[in-house]
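Accompanying notes for the structure given below.
The values are calculated or read from the model by the stated rules, or taken from the named source; none is laboratory data. The shown structure was predicted, so the numbers you read here are calculated from the model rather than taken from an experiment. Here the Cβ is made from the backbone with ideal geometry for all residues, glycine too, and neighbour counts use every protein chain on show.
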Amino acid sequence: MGFAFFLKGLVIGFSIAAPVGPIGVLCIRRTLAQGRFIGFITGIGAATADAAYGCIAAFGLTAISSFLVGQRSWLGILGGIFLCYLGVRTFAARPPQRAEAPATNGPLMACLSAFALTMTNPATILSFAAVFAGLGLVGKPHYAAAATLVLGVFVGSAMWWLILSGVAGLFRRGADERVLRTVNRLSGAVIFAFGLYALVAQLL
């Protein structure tokens, strides 16, 4: 029974993480600029946020879930502003020199920024609420089963980020300064567009 819940969580975590959005773009860009580890740690920040929302749904914390759903407009606005800021910063960033250790995004900041972006994404809140409700995984939980489910969500999400950062890392060796500058500008523009879309969606 416990393994079945873990597998369900694994599929849920992987499926929700896999669609390429702003965190995916950020993971790829940081992997190319700073290496697989920073790219993966960026994904771990998102996986931690996924696990947090998994906890809210799996443990039947309906008051918290209702509050977050009720505040999704404000969360969307905050997330949109953060994405726009991050997009501009990424667009203007200078590619790091290979001989230097990049100081712009250490592991902690890489993780925290991805965590904050995922937590303020209304789509993440609604996705977990819909998936857990559709699978009948809400209500009065068995706490051991709920914990196993949440662990599966985290592992499934982390698996996706490990794959994405690993694949992106394969292209890092051939990425010279010109390529990295282009990546910065493209990813910055895409991240900014995601932020602008989030703002327009919540304000209109």
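What are the residue pairs meeting all of these: first residue in the range 110-132, first residue at pLDDT below 90, second residue surrounded by fewer than 23 Cβ atoms within 10 Å (Cβ to Cβ) and assigned to a loop (DSSP other than H, G, I, E, B), Cβ atoms under 7 Å, and 6 or more apart or on different chains?
Close Cβ pairs (under 7 Å, with a partner that is surrounded by fewer than 23 Cβ atoms within 10 Å (Cβ to Cβ) and assigned to a loop (DSSP other than H, G, I, E, B)) amount to Phe132/Val138.
Those residues that are touching a helix residue (DSSP H, G or I) at 6+ places or on another chain (Cβ under 8 Å), modelled with pLDDT under 90 and surrounded by fewer than 14 Cβ atoms within 10 Å (Cβ to Cβ), I need them from the range 148-196; list them, please.
Within the range 148-196, Phe171 is the sole residue that qualifies.
What is the number of the single condition among (1) farther than 13 Å from Gly39 by Cβ; (2) touching a Leu at 6+ places or on another chain (Cβ under 8 Å) that Phe171 does not meet?
Phe171 satisfies every listed condition except (1).
As an exercise: evaluate Leu86 against (1) out of contact with any Gly (no Cβ under 6 Å at 6 or more places or on another chain); (2) buried (at least 20 other Cβ atoms within 10 Å of the Cβ); (3) at pLDDT below 75 and give the number of the one condition it does not meet.
(3)
Which members of the range 89-109 meet the condition of being over 19 Å from the mean Cα position of the chain (by Cα), among the aliphatic types (A, V, I, L, M) and at pLDDT 80 or above?
Once the filter is applied, which keeps residues that are over 19 Å from the mean Cα position of the chain (by Cα), among the aliphatic types (A, V, I, L, M) and at pLDDT 80 or above, the range 89-109 yields Ala92, Ala93.
Take the residues of the range 170-197 that are among the small types (Gly, Ala, Ser) and out of contact with any Phe, Trp or Tyr (no Cβ under 9 Å at 6 or more places or on another chain): which is nearest to Thr48 (Cα to Cα)?
Ala193
Restricting to the range 7-63, give me the number of residues that are without any contact (Cβ under 8 Å) to a residue 60 or more places away in the chain and either small (Gly, Ala, Ser) or closer than 23 Å to Ser187 by Cα (or both).
Total meeting the criteria: 3.
Take the residues in the range 5-27 that are among the hydrophobic types (A, V, I, L, M, F, W, C) and in contact with a Phe, Trp or Tyr (Cβ under 9 Å, 6 or more places away or on another chain); name whichever of them is farthest from Ala168 (Cα to Cα). Give the derivation first.
Keep residues of the range 5-27 that are among the hydrophobic types (A, V, I, L, M, F, W, C), which gives 5-7, 10-12, 14, 16-18, 20, 23, 25-27.
Okay, now just the ones that are also in contact with a Phe, Trp or Tyr (Cβ under 9 Å, 6 or more places away or on another chain), so 12, 14, 16-18, 23, 25, 27.
Values: Ile12: 23, Phe14: 18, Ile16: 20, Ala17: 16, Ala18: 14, Ile23: 14, Val25: 10, Cys27: 9 Å.
Among those that are among the hydrophobic types (A, V, I, L, M, F, W, C) and in contact with a Phe, Trp or Tyr (Cβ under 9 Å, 6 or more places away or on another chain), it is Ile12.
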